[in-house]
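S.K.: The structure under discussion is supplied below as structure tokens; questions concerning it will follow.
Computed from the coordinates by the stated procedures, all read-outs in this text should not be read as laboratory data. Only a predicted model underlies this, so the values are computations on that prediction, with no experimental measurement involved. Cβ placement follows ideal geometry from the backbone for every residue including glycine, while neighbour counts extend to all protein chains displayed.
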């Protein structure tokens, strides 16, 4: 295994797995076999990354998160403290459903707030923002802001994490980045 990443002495890293340069793995975390972890990721304390998980570059995982088999996180994803992924829709202790794990796709730039739950089989669109404590049971559009249980859309967010307010021409401007967005057919795109 390459040593071009940092791991705390209490972290457990099973082989084989790929871990990118500049990644940091902190206290009591467990990286299981056949994972692919990109460059410059930060994996907090007490995190479990299950077999075959794929994490892109610059993924930030806060403390006490389990990323289960079937989850794919693209680049620049933020997973808040104690958020939860599932990988089976109808778990039963006495029934083995390992062949029924569903894929959960977390697209580029997504932020998931603390204690949110993502039910397996959904796709979270680019730069969407999942509010703290939300329970996501269906796909979330790119740039959408969702909150509550079950999660419902309450607005739109910019790539930089600012709420988008649209004018009469369905355009919005993010002053921090200088980016413009357009709302058309209930979808947001950066201009």
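S.K.: Would you order 29, 66 from fewest to most other beta-carbon atoms within 10 Å of each residue's own beta-carbon?
M.R.: Going from sparsest to densest Cβ surroundings: 66, 29.
S.K.: Restricting to region 12-165, compute how many DSSP beta bridges are antiparallel as a %, nearest 5.
M.R.: So the antiparallel bridges in region 12-165 amount to around 15 percent.
S.K.: Which order results if 86, 23 are arranged by neighbouring Cβ count within 10 Å, fewest first?
M.R.: Details: 86 19, 23 22.
By the 10 Å Cβ count, ascending: 86, 23.
S.K.: Starting from the Cα of residue 10, move 7 Å in the Cα-to-Cβ direction to define the label point; list residues of region 51-72 whose amide nitrogen is under 20 Å from there.
M.R.: 61-67
S.K.: Next question, about the same structure. What spacing in nm lies between the two simple spin-label points modelled at residue 180 and residue 149, each 7 Å away from Cα in the Cβ direction?
M.R.: For the pair residue 180/residue 149, the computed spacing is 4.2 nm.
S.K.: Then there's this: Suppose the chain between residue 89 and residue 24 were pulled fully straight at 0.36 nm per residue; how much longer would it get relative to their current alpha carbon spacing?
M.R.: Result for the pair: 20.2 nm of gain on full extension.
S.K.: May I pose another question? Using the 10 angstrom Cβ neighbour count as an exposure proxy, how do 173, 129 rank, fewest first?
M.R.: If I rank by nearby Cβ atoms, fewest first, I get 173, 129.
S.K.: Of (i) 48, 40, 30; (ii) 55, 41, 22; (iii) 61, 43, 26, which is the value of Cα extents along the principal axes in Å derived from the coordinates here?
M.R.: The calculated read-out lines up with (ii).
S.K.: Follow-up question, since we're still on this one. For region 91-137 and region 1-76, compute the distance between their C-alpha centroids and round to whole Å.
M.R.: 18 Å
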